[in-house]
Each structure stands twice: as C-alpha cells, then as structure tokens.
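The values are calculated or read from the model by the stated rules, or taken from the named source; none is laboratory data. Please read these numbers as outputs of a predicted model, since none were measured by experiment. All Cβ positions, even for glycine, are placed from backbone atoms using ideal geometry, and neighbour counts span all protein chains on display.
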Amino acid sequence: MLRYQENNELHRNFHGSTDNAMRFVEKTCGREALKEVLRKTGRDVYKSIREKLARGDASELIEHLCWFYYRENAPFKLEVSENEIRFEVLACPAHVHMKKMGLEPAPFNCLQTEEVNAGMCEGTPWTSTVEHIGPDHCVQIFRKEPSK
C-alpha cells in the first residue's frame, strides 16, 4: 500500500512551482546541491518504497509509478519482470502541463526523475536509469542485481 496516495484535487501548478524551485536551487546553490536535494527526497520522502526495494519487493514502487501517472491522465506503458521494471512515459505530465501554461520546463527538469529514482534505490539491490526518447518521452528503468 502506498504511503502517499493523495486522492484530493490535483494541484495543477505543482509542476510549475517545482520547476521554479529547482531553477532557484540550481542558480543559487549549484547543480550538485540540486541533485543532492532531489536524491534525498527520493531516499527520505519515499522511505517505505526504498525499504521494500531493499527487501527485494518492488510492489510499492510499481504502485507509486502507476498511481501518480494515472492520476494525471498521463499515458504510460509498464513492463515488469523479476529483475527489471520498465516504465515508459509517453507524454510527461509535468512538461505537458507547463507547456499548456506557456512555460518552458528547465533544461534540467528531468533531473528530478533521475535523482528521485536514484534516491529510492539507494542502499538496495536496485538501480535506476532514465532513457530520454524525446523532449516529453522517457523510459524509467529499474534493474535488480541478480542474487549471488
């Protein structure tokens, strides 16, 4: 079960606010500080996901990904095998929303996904990568190291 599963009204400018906050941190503290904040968010805010991943259980991660993208009506594809999860985002809801509002996502906006995912995997047998297919299209890949 998800630790965070908001069911109330979706705050539609969350994405613009987050993008502005990332721009501020990157400008005033640097890219490495931004990466640290984002990774810590993945590690600490999504602690229950990380703890389950450490035990080899990816169920909450899968539920988390599906719930938040479903909630925003974002098209995605999910493929799950024993040691790999491929979550393909066909139209990034953050980018789509910001562009609809006349805003251009920061050039490093996808860093949020990369670092939060890395933080969730930290200290677990799982790793994460993001393949960028197009400006609003990516594949988030989670791989579990085979047991020795």
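Among the residues of the range 124-148, the ones that are in contact with a helix residue (DSSP H, G or I) (Cβ under 6 Å, 6 or more places away or on another chain) and modelled with pLDDT under 95 come to 1 in all. Determine whether Ile141 is farther than 19 Å from Ser48 by Cα and either surrounded by 13 or more Cβ atoms within 10 Å (Cβ to Cβ) or within 16 Å of the chain's Cα centre (by Cα) (or both). Judged against the criteria, Ile141 is a match. Of the numbered criteria (1) surrounded by 15 or more Cβ atoms within 10 Å (Cβ to Cβ); (2) in contact (Cβ under 8 Å) with a residue 12 or more places away in the chain; (3) part of a helix (DSSP H, G or I), the one Lys52 fails is (2). Among residues of the range 77-101 that are without any contact (Cβ under 8 Å) to a residue 12 or more places away in the chain and within 17 Å of Asn117 (Cα to Cα), none has a beta-carbon under 8 Å from a residue that is crowded, with 20+ Cβ neighbours inside 10 Å and among the polar types (S, T, N, Q) at least six positions away or on a different chain. For the range 78-86, the count of residues that are aliphatic (A, V, I, L, M) and under 30 Å from Lys27 (Cα atoms) is zero.
Just give me the residues in the range 82-120 being assigned to a helix (DSSP H, G or I) and touching a Lys or Arg at 6+ places or on another chain (Cβ under 7 Å), in sequence order.
Correct list: His97, Leu111, Glu115, Ala118, Gly119, Met120.
In a residue-by-residue description of the range 84-103, the property of being more than 15 Å from Gly134 (Cα to Cα), exposed (fewer than 15 other Cβ atoms within 10 Å of the Cβ) and touching a strand residue (DSSP E or B) at 6+ places or on another chain (Cβ under 8 Å) applies to at least one position.
For Leu61, indicate whether it is part of a helix (DSSP H, G or I), touching a residue at least 60 places away in the same chain (Cβ under 8 Å), within 14 Å of the chain's Cα centre (by Cα) and farther than 13 Å from Val139 by Cβ. Here the answer is yes, as Leu61 does meet what is asked. Taken over the range 67-82, residues that are surrounded by 14 or more Cβ atoms within 10 Å (Cβ to Cβ) and at pLDDT below 95 amount to 5.
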